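Since the structure comes first, as C-alpha cells, the remarks are kept for the end.
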Amino acid sequence: MDVAMEDIVAQKYTTPLKKGPKKKPRKTIQQCFPRNGFEYPDGDRIFQNRDNGHLFKRALMTVIPTLNRQVVDEKLAELFIAAKKHKKLGGGILHTQRFEPAAQDVDCFKDLPKNIINHVMLVLLHARFLHIKFSEYRPNPVDPAIEGKTAKAIDAYTGKSPAQQPDDAFKDMDPKLIADMMTRMKAKRGPDWGDDKETTGAGLDASNAIFENMAEKLKEMRM
C-alpha cells in the first residue's frame, strides 16, 4: 500500500463520526405534573404500576403531545373544576363519587378506567393537602401567586388553602422535629408529635384523622 493510500485509510478510521441531534429523553408523568403547591409522597412517583401510568400518559398525549407542564396543569385543573360542579349537584359524599363523573366531562380522560382517574385525582388531592398542612407548621416556601391552576382548582373544590402564617402552636417548635414529622407524613406514616400537649388538641387530632383516612384510601388504591 503506497503512502497516499495509507493516509486515506488512516483518515477514514480516525475521523470522528458526525453525531446527529440528541433525542430529548421522554418526560415521565411526575415530570409533567404541577409542582408548586404540592408535596408528593412515594418519592414523587405518581404510579406504581407502569401499565396504568402508560395508559394515563397516552391519554394526556392525545391532547398535549409535548406534555408541557403548564398545559398539563390546565388539563388536570379541569378535572377538579368538574368535580366541584358534581359536588354542588349532590354527587355523593365520597371524592371518588365525584371524580368518576368529572372524568366524563374532560374529553381525553373519558375512556380511562375509573380506578386510574380516581387514583390520579386522589394523589393530587393528597399532595395538595400535605402542602396546605405543612403551611401550618412552617412558613410557606411557595408564593401562592405562582401556584398553578390545578392547585387553585383543588382549593376551590375543598374550600381549603395554604395558611398565611404558621399556627401559633408550631412557631416555637424545634424546626428539626417539624421537618421529621413532615417527612413521616410524606411517607404516609402519619404525624407523631410525641407528648407535646400544645400540638395534640382536638383541632390537630381532627386534621390527623383526615390525613390518615386519605392516606389509607391511597394505600387501598395503590397502583
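Every number in this text was worked out from the coordinates using simple rules, so none of it is lab data. Note that the structure is predicted; figures quoted are calculated from it, not measured.
Using C-alpha pairs below 8 Å separated by at least 6 residues, the relative contact order for region 80-191 is 26 percent. Full extension of the segment from Leu94 to Asn115, taken as 0.36 nm per residue of separation minus the current Cα-Cα distance, would add 6.2 nm.
Cross-link check: pairs Lys85/Lys110; Lys87/Lys152; Lys110/Lys149; Lys84/Lys149 evaluated at a Cα-Cα cut-off of 19 Å; pairs beyond the cut-off: Lys110/Lys149.
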